[in-house]
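Enquirer: One structure, pasted below without further comment.
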Amino acid sequence: MASLVLIDKDIVSHRYPLEKTETMIGRRADNDILISNMMVSGNHAKIVKKGSQFFVQDLGSTNGTSVNGSRVNGSIEIFHNDHVNLGGMDFVFLVDDSATVQVGKEKKKPSPTDFSIIRIRPDDTGYADRFNSTQLVEMINLLKTLVSTPKTDPNKILAQCVEIEHAFVILKDQLKESEKFQQKLNTLYEIGKIINLIFDEDELLSTIIDLALKVMNADCGFIMLYDDAKELVPKISRKIESDEFSESTHTFSKTIAKKVAETCQSVLTSDAQNDDRFQDGASIISHHIRSVICSPLKNKDQKVIGVLYVGSNVMSNVFSKADVELLEAFSNHAAIAIENAKLYEERRRKEHLKSALERYVSKQIAEMIISNDDNGNFRFVPERREVTLIFADVRGFTTLSENMSPEDMVEILNRYFTRMINIIFKHGGTLDKFMGDSIMALFGAPASTGDDAYNAIMAAVDMLKDLVQFNQEQEKLGKPPLRVGIGINTGHVVVGNIGSDQRMEYSAIGDNVNLASRLQGSAAGGQILISKATYDKVSDRIKGKKLDPIMVKGKSKPIEIYEVIY
């Protein structure tokens, strides 16, 4: 069985059998070969067996891997008695257990160009392997063993003491780093309270990016969000120059942003210019992008809504793994705040729309329209559709008003209109407009109940019945009664927002509107006249009396009409 032999001062210190197809080597406990030395990275290298061949591969270690004195870039085949150096630790590779270790084998001396031609792969994480108390205990136990073992080389004891001293220095630095990180967490908590109180999306995004740059000590950043077409769209960007914030839309990498959004995983690179993962990114090269952290913005359902990117276009190795964790926590706060702002804006939009709708339709119809407006697309866009139209006019009101003060005239109309509109809304109608003492209403737009012609007739009947009670009140108040004639027609019209930039109103236009108005003009007080088109839709459910055809303005032939009997 092949093995890797650790050499310490030209003496065989330990043999490690290579039993697996892939053998991981490093300072972390999850490696197959554990080397407790600060010069060795957490996951330093691995040895791969392919048939009868063996290869050593460096895993982006801090202090590198070399074979017979030559730096390893990627993977290289190793042979019997080759010297393998991992971060300053010497090993000899043997093809089987019975082979003799040739410690004195001459090592290849690296030429001056050996290292200069190798493009060292940047540290993907920008994160030095953290030292923990378990490792320190292991080092102290090893020192105890060395001290208690008779005739132990004093140099080994001294070397171990130096290792422990080095470990304490690292732990001290880590403690300082932890204290700084705790301060950042406290800051993050305060930031969370701030951004959750901002509901304007533009203001919120501006605040988020400004705070992110401040907390992460970055000099540039941006936020991208998914739009309705599921495309990542830049929403805001910042670049710090001379301690001032300025807009910048070109100094970020969409390559990195897209990778983060698609994988739902943060990306940290210490030097994007030399990172194999992003060599296809044109902006990385052209804008000299260096240190970068990019985190997904995930809502409370863990769905990615965009990305938050901070970086430095000046320095490499700016960020650590702890910074990634901090930005991820920040991004979680930010994503929820962004979602809340969108929900708030959507709620305000719908409340505004509902308030506007309730001027024209009943609350029930308004709520139905709002509930069908999930995508925010309801804008009263002009369209052609079939509706039933009601025109109701007070007969002789001009003559009546000649004997009334303006205040009395308006008071009577307001009470009358209020009662009539409530009835129209009750039957699912839409108020189009008031025209002097006349009312125009639609049934079937902007929303249809499915039985618009019948509902319109029932509304007209209830209006005239309610007028009886209204006139009784008029008599008690010593005011004149009102007589109302109603015309109804069904047909296709164009409905939508009609008007100018200064004033828009929802209305209907077309020949069928004119016909309904002409029918109302022919109706006597207390009479409901309907067209044949309307009668045909409700003939089995109402009593209708066919009248003699009438000529109306705009028509070359007489119009067939019916009177509703109620």
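The values are calculated or read from the model by the stated rules, or taken from the named source; none is laboratory data. What you see is a predicted model; the values in this text were computed from it and never measured. When we count neighbours, we look across all protein chains shown, and the Cβ atoms used for this are built from the backbone with ideal geometry, even at glycine. Just the protein is used for accessible areas: all its heavy atoms, side chains included, with ligands, DNA and RNA removed. Shrake-Rupley method; radii C 1.70, N 1.55, O 1.52, S 1.80 Å.
Enquirer: Which one of Leu171, Leu213 is of a type outside the set (Val, Ile, Thr), surrounded by 12 or more Cβ atoms within 10 Å (Cβ to Cβ) and over 21 Å from Pro296 (Cβ atoms)?
Expert: Exactly one of Leu171, Leu213 is of a type outside the set (Val, Ile, Thr), surrounded by 12 or more Cβ atoms within 10 Å (Cβ to Cβ) and over 21 Å from Pro296 (Cβ atoms), namely Leu171.
Enquirer: As an exercise: evaluate Ala441 against (1) surrounded by fewer than 23 Cβ atoms within 10 Å (Cβ to Cβ); (2) over 41 Å from the mean Cα position of the chain (by Cα); (3) touching a residue at least 40 places away in the same chain (Cβ under 8 Å) and give the number of the one condition it does not meet.
Expert: So Ala441 meets the others, but not (1).
Enquirer: Need pairs with beta-carbon distance below 6 Å; first residue within 16 Å of Leu4 (Cα to Cα) and within the stretch 40-54, second open to solvent by 50 Å² or more (accessible area, probe 1.4 Å) and modelled with pLDDT under 90; sequence gap 6+ or separate chains.
Expert: Partner pairs satisfying both residue conditions: none exist.
Enquirer: Does Glu325 satisfy being outside any helix (DSSP H, G or I), open to solvent by 60 Å² or more (accessible area, probe 1.4 Å) and modelled with pLDDT of 80 or more?
Expert: no
Enquirer: May I pose another question? Which members of the stretch 55-68 meet the condition of being touching a residue at least 24 places away in the same chain (Cβ under 8 Å) and either touching a helix residue (DSSP H, G or I) at 6+ places or on another chain (Cβ under 8 Å) or of a type in the set (A, V, I, L, M) (or both)?
Expert: Correct list: Val56, Leu59.
Enquirer: Among the residues of the stretch 429-438, is there at least one that is open to solvent by less than 10 Å² (accessible area, probe 1.4 Å), small (Gly, Ala, Ser), over 22 Å from Lys543 (Cβ atoms) and in contact (Cβ under 8 Å) with a residue 24 or more places away in the chain?
Expert: no
Enquirer: Pull out all pairs, ordered by first then second residue, where Cβ-Cβ is under 7 Å, the residues are six or more apart or on different chains, the first lies in the stretch 256-270 and is within 12 Å of Ser331 (Cβ to Cβ), and the second is small (Gly, Ala, Ser) and surrounded by fewer than 21 Cβ atoms within 10 Å (Cβ to Cβ).
Expert: Close Cβ pairs (under 7 Å, with a partner that is small (Gly, Ala, Ser) and surrounded by fewer than 21 Cβ atoms within 10 Å (Cβ to Cβ)) amount to Val260/Ser266.
Enquirer: Regarding Glu475, is this residue of a type in the set (Asp, Glu) and part of a strand (DSSP E or B)?
Expert: No, not satisfied.
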